């Protein structure tokens with residue numbers, strides 16, 4: 001099965017183009033609680049989507065699933081989740097959880113009315129993972145390597161891929177029978193760690209989902225819809241072509257790619273730290 005591709009946007013025209021080009025899940029991001037404190041110093045995007053965006057994007061989708069990332073569990077979670085589900089979320093994602101109790105609360109609030117996706121991105125979630133993944137009602141898990149690498153005081157998010165952390169988590173999810181994915185990718189031929197290396201790791205690790213990162217479509221291009229359409233059409237086709245190649249590669253290819261990932265990540269970290 002090809003990877004499920006997710007794209008974060010609250011713009012109807014871009015969501016429609018992304019869907020037409022083969023994006024599987026359109027992603028509305030309502031998470032704001034605590035995010036500024038965690039990521040405000042980084043070159044990351046805090047989306048500032050609103051609850052009104054869920055209904056707006058739902059109206060333009062015909063086949064892509066609508067994923068809504070809510071806030072971590074807080075006093076307003078029941079109402080927030082109720083609205084997301086009521087407005088048409090197919091999948092609801094819980095970020096920054098730490099305990100089994102939070103996951104149970106989340107699943108109770110969903111009440112089987114939408115699919116559930118956990119975003120595993122805290123050191124505590126990793127620590128408590130065995131009891132968390134035993135909870136009934138988890139449909140998907142995604143490893144949030146951006147926040148998780150910050151938790152571990154790392155310099156580059158793909159250090160988690162190079163050092164085997166992602167692999168260990170994937171093995172646990174696989175054993176529990178929960179579909180999983182991790183991180184994001186740029187366009188083929190692009191990315192600090194090239195998209196090809198990352199996609200090959202997705203295939204080696206049995207991943208089924210990935211986010212198209214913000215570098216896939218630079219925000220300054222978002223107003224030129226002709227250009228947007230061209231990028232999505234051409235570059236998703238390139239990802240799918242590369243994925244077809246993955247199905248024909250033997251084990252030695254994936255072993256070699258794994259070593260390449262380690263070497264490239266070490267080089268990137270060395271440049272970032274000036275060592």
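The values are calculated or read from the model by the stated rules, or taken from the named source; none is laboratory data. Note that this is a predicted model, so its numbers are computed, not measured. Note that we place each Cβ from the backbone using ideal geometry, even for glycine, and neighbour counts take in every protein chain shown.
Considering only residues of the stretch 6-29 that are in contact with a helix residue (DSSP H, G or I) (Cβ under 7 Å, 6 or more places away or on another chain) and under 30 Å from residue 74 (Cα atoms), which is surrounded by the fewest Cβ atoms within 10 Å (Cβ to Cβ)?
12
Being closer than 24 Å to residue 202 by Cβ and touching a strand residue (DSSP E or B) at 6+ places or on another chain (Cβ under 8 Å) is the filter here, so list the residues in the stretch 15-34 that pass it.
Selection gives 15, 18, 19, 22, 23, 24, 25, 26, 27, 28, 29, 31.
Among the residues of the stretch 112-129, write down those that are touching a helix residue (DSSP H, G or I) at 6+ places or on another chain (Cβ under 7 Å) and surrounded by fewer than 17 Cβ atoms within 10 Å (Cβ to Cβ).
Hits for the stretch 112-129 are 113, 123.
Test residue 188 against the criterion of being modelled with pLDDT of 95 or more, out of contact with any strand residue (DSSP E or B) (no Cβ under 6 Å at 6 or more places or on another chain) and either over 23 Å from residue 23 (Cα atoms) or surrounded by 18 or more Cβ atoms within 10 Å (Cβ to Cβ) (or both), and give yes or no.
yes
Out of all the residues in the stretch 97-111, is one or more touching a helix residue (DSSP H, G or I) at 6+ places or on another chain (Cβ under 8 Å), free of Cβ contacts under 8 Å to residues at least 60 places away in the same chain, closer than 14 Å to residue 176 by Cβ and part of a helix (DSSP H, G or I)?
yes
Yes or no: residue 178 buried (at least 18 other Cβ atoms within 10 Å of the Cβ) and in contact with a strand residue (DSSP E or B) (Cβ under 7 Å, 6 or more places away or on another chain)?
No.
Could you tell me whether the stretch 112-123 includes any residue that is in contact with a strand residue (DSSP E or B) (Cβ under 6 Å, 6 or more places away or on another chain) and assigned to a helix (DSSP H, G or I)?
Scanning the stretch 112-123, I find no residue that is in contact with a strand residue (DSSP E or B) (Cβ under 6 Å, 6 or more places away or on another chain) and assigned to a helix (DSSP H, G or I), so the answer is no.
Looking at 168, 174 in this structure, which one is farther than 30 Å from residue 235 by Cα and in a helix (DSSP H, G or I)?
Selected residue: 168, the only one of 168, 174 that is farther than 30 Å from residue 235 by Cα and in a helix (DSSP H, G or I).
Restricting attention to the stretch 224-275, which residues are surrounded by 11 or more Cβ atoms within 10 Å (Cβ to Cβ) and in a loop (DSSP other than H, G, I, E, B)?
Within the stretch 224-275, 224, 249 qualify.
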